[in-house]
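Comments concern the structure below.
Every number in this text was worked out from the coordinates using simple rules, so none of it is lab data. This one's a predicted model, so the numbers in the text were calculated from it and none came from an experiment. Virtual Cβ from ideal backbone geometry, glycine too; neighbours counted across all protein chains shown.
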Amino acid sequence: MKLIFKRFEELNTKELYRILKARIEVFAVEQDCVYQDCDNKDFNAFHMYYEKNDEIVAYIRILDKGISYDEISIGRVLVNENYRFQGISSKLMNAGIDFIKKVLNENSIRISAQAHLIHFYGQLGFVKVSDEYLEDNIPHIEMLYTDNSNGYKKDDL
């Protein structure tokens, strides 16, 4: 399994196709949710994912500050159903958090989490900062991760 992270403009067409396919499989088909996945936010994001045999195993989108929130945000978190319950989602989220702290030198991350995943994100250091609301007819909550202890600069890596 290989960890890949690229800005939108660095993705080739096959990579983009595999990412969109994985997102549609999880969010539209599995969750039976009709929504606009191509929301123009991908252009202002890092796309981080685990790949195995040309298949997306797990994926997150790291949005620049000011795109969805004042803070950097993580969204479109998914794990291919064939790879679930193996700790891959935690591993990828932690890689994303480390990337944000160490490379982007940011210490706050905001997410819109499906409400039933509050415990999962809480274990990663996110805290609930909103009441529950509906997003695409699914209960969500905003959660915030804040770490003032990173001390890293881009040049340290």
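Some notes on this structure:
- Taking chymotrypsin sites (Phe, Trp or Tyr not before Pro) in DSSP loop states with no more than 12 other Cβ atoms inside 10 Å as exposed sites, the chain has its longest site-free stretch at 86-157.
- Per-residue ³J(HN,Hα) for the range 130-145, Karplus 6.51 cos²θ - 1.76 cosθ + 1.60, θ = phi - 60°, Hz, x for Gly and Pro: 8, 6, 5, 9, 8, 10, 6, 6, 10, x, 10, 9, 7, 9, 10, 10
- Placing unit charges on each Cβ (+1 for Lys and Arg, -1 for Asp and Glu) gives the chain a dipole about its Cα centre, and among ALA113, ASN80, MET143 the Cα reaching farthest toward its positive end belongs to ASN80.
- Taking ILE111, ILE60, ILE138 in turn, the Gaussian network model of the chain (Cα-Cα springs below 10 Å) assigns the largest fluctuation to ILE138.
- Charge dipole (Cα centre; +1 on Lys/Arg Cβ, -1 on Asp/Glu Cβ; no other charges) of the range 2-156 amounts to roughly 520 debye.
- Radius of gyration, Dmax [the chain; alpha carbons; angstrom]: 15.0, 44
- Listed residue pairs exceeding 23 Å between alpha carbons, taken from LYS2/LYS91; LYS21/LYS102; LYS6/LYS102; LYS6/LYS128: LYS21/LYS102; LYS6/LYS128
- Whichever aspartates and glutamates have a C-alpha closer than 12 Å to that of LYS41, once near sequence neighbours (fewer than 8 apart) are set aside: ASP64
- Net charge over other residues, Cβ less than 13 angstrom from the Cβ of ASN82 (K, R count +1; D, E count -1): -2
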